[in-house]
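These notes concern the structure reproduced below.
The values are calculated or read from the model by the stated rules, or taken from the named source; none is laboratory data. This structure is a prediction, so every number in the text was calculated from the model and none was measured. Glycine gets a Cβ as well: all are built from the backbone with ideal geometry, and neighbour counts include every protein chain shown. Accessible surface areas use protein heavy atoms only, side chains included; no ligands, DNA or RNA. Shrake-Rupley method; radii C 1.70, N 1.55, O 1.52, S 1.80 Å.
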Amino acid sequence: MKRKLYELASAKINLTLKIKGRRDDGFHKVSSLVAFTEVGDVVCGSCAKDMSLDITGPFAPHVSSGTNLVVRAAQTFFQEMSLQPCTQFMLEKNLPVASGIGGGSADAAATLRLLARLHRENIKSEEDIEPERLQRLACVLGADVPVCLGGQPAMVSGIGEQVEPLESFPTVSVVLINLGVGVSTAKVFRAFAEKAVVSDTSACNLPVFRDAYDIADWCRDQGNDLTVAACGIAPEIADVLYRLENIPLCLLARMSGSGDTCFALFAEHEEAQSAAQRTKNETGWWVCASRLRGV
């Protein structure tokens, strides 16, 4: 019987996103507080003679197996370890695509974690793969993959490769809303660049959070520098933010990353569940109540 392993590819939420400038190679430097939900895609893997990928789940029709980040992550891993591609993958695609919550990046990170576990006996070492080695592979795969590899609340800087895990972050309830318009990250950054507005470039100390109110207060002062640009491309995002901000007991409403997913923070999970159910009943949007995992 084939040995199957599973990894959760949690949704990545950019609670804040500040643009700190642009490098000579065109990549933007950022500062972002990132946290991860209890919901996400699921990557399953088992040893096989060849490599393959089957995609299931509600958003499977929107992704391709040929160009999927699961495949790219696996190819990168096998090349690094000098192994033949020999894993059968199944991706359960539960998260909307091009939505600013790191779905593809989380899938890639989950694939690296899964392969490190599944093929440990084939790497000619009695030790686990060094975290630094996996982190290096994550950087090759994309700016969001390094923080997704750890899957823990963190401050992210540089172009995404600098990840500083937080020592204090409570579990907090969240409502996610996605419109399904698929905002392009490249288009949003181009629209932002046209305005040429750059945040304060001074370093940001790692915050210490005691409860959901602390998180909301700190994030309220930081914001998301890409919101205006994204709303210019997809004005519906502003409508979602307005709706979330006016939900009773909502502590904070923001857009995540550069995509069309917005979130609202709540002190109590029952409040988040109630808000999500009410919004889902009244709209045709993708709505999900979850928790941001603490440390």
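Residue pairs, Cβ under 8 Å, 6 or more apart or interchain, first in region 155-166 and closer than 11 Å to Val145 by Cβ and of a type outside the set (A, V, I, L, M, F, W, C), second assigned to a strand (DSSP E or B) and open to solvent by 10 Å² or more (accessible area, probe 1.4 Å). List them.
What qualifies is Gly160/Val30.
Could you check region 148-187 and list, in sequence order, the residues that are within 30 Å of Asn246 (Cβ to Cβ), open to solvent by 40 Å² or more (accessible area, probe 1.4 Å), of a type in the set (Val, Ile, Thr) and outside any helix (DSSP H, G or I)?
Thr171, Val181
Does Val208 qualify as being surrounded by 21 or more Cβ atoms within 10 Å (Cβ to Cβ) and of a type outside the set (D, E, K, R)? I'd like the intermediate steps shown before the answer.
Details: surrounded by 21 or more Cβ atoms within 10 Å (Cβ to Cβ): no; of a type outside the set (D, E, K, R): yes.
Judged against the criteria, Val208 is not a match.
Of these, Leu206, Leu241, Leu265, which one is part of a loop (DSSP other than H, G, I, E, B) and not small (Gly, Ala, Ser)?
Numbers: Leu241 fails: part of a loop (DSSP other than H, G, I, E, B); Leu265 fails: part of a loop (DSSP other than H, G, I, E, B).
Just one listed residue meets the conditions, Leu206.
Those residues that are modelled with pLDDT under 95, part of a helix (DSSP H, G or I) and among the basic types (Lys, Arg), I need them from region 89-135; list them, please.
Arg117, Arg120, Arg133
How many residues, within region 258-279, are surrounded by fewer than 20 Cβ atoms within 10 Å (Cβ to Cβ) and within 16 Å of Arg220 (Cβ to Cβ)?
The qualifying residues number 1.
If we scan region 44-55, do we find a residue that is among the aliphatic types (A, V, I, L, M) and in a helix (DSSP H, G or I)? Break it down stepwise before answering.
Looking only at region 44-55, we keep the residues that are among the aliphatic types (A, V, I, L, M), and these are 48, 51, 53, 55.
Then drop every residue that is not in a helix (DSSP H, G or I), which leaves none.
The answer is no; no qualifying residue exists.
Exactly one condition in (1) open to solvent by 60 Å² or more (accessible area, probe 1.4 Å); (2) of a type outside the set (Ser, Thr, Tyr); (3) modelled with pLDDT of 95 or more is false for Glu194; which is it?
Of (1) open to solvent by 60 Å² or more (accessible area, probe 1.4 Å); (2) of a type outside the set (Ser, Thr, Tyr); (3) modelled with pLDDT of 95 or more, only one is false for Glu194: (3).
Is it the case that some residue within region 6-15 is closer than 30 Å to Val175 by Cα, part of a loop (DSSP other than H, G, I, E, B) and either in contact (Cβ under 8 Å) with a residue 60 or more places away in the chain or open to solvent by less than 30 Å² (accessible area, probe 1.4 Å) (or both)?
Within region 6-15, one or more residues are closer than 30 Å to Val175 by Cα, part of a loop (DSSP other than H, G, I, E, B) and either in contact (Cβ under 8 Å) with a residue 60 or more places away in the chain or open to solvent by less than 30 Å² (accessible area, probe 1.4 Å) (or both).
Is it the case that Ser290 is open to solvent by less than 20 Å² (accessible area, probe 1.4 Å) and assigned to a loop (DSSP other than H, G, I, E, B)? Walk me through how you get there before you give the answer.
Numbers: open to solvent by less than 20 Å² (accessible area, probe 1.4 Å): yes; assigned to a loop (DSSP other than H, G, I, E, B): no.
Answer is no for this residue.
Go through (1) under 16 Å from the mean Cα position of the chain (by Cα); (2) on the phi < 0 side of the Ramachandran plot one by one and return the number of the condition Gly45 breaks.
All conditions pass for Gly45, except number (1).
Test Lys29 against the criterion of being open to solvent by 30 Å² or more (accessible area, probe 1.4 Å) and either aromatic (Phe, Trp, Tyr) or not in a strand (DSSP E or B) (or both), and give yes or no. Can you show your working first?
Working: open to solvent by 30 Å² or more (accessible area, probe 1.4 Å): yes; either aromatic (Phe, Trp, Tyr) or not in a strand (DSSP E or B) (or both): no.
Spelling it out, it is not the case that Lys29 is open to solvent by 30 Å² or more (accessible area, probe 1.4 Å) and either aromatic (Phe, Trp, Tyr) or not in a strand (DSSP E or B) (or both).
Considering only region 225-257, how many residues are open to solvent by 10 Å² or more (accessible area, probe 1.4 Å) and over 18 Å from Thr283 (Cα atoms)?
11
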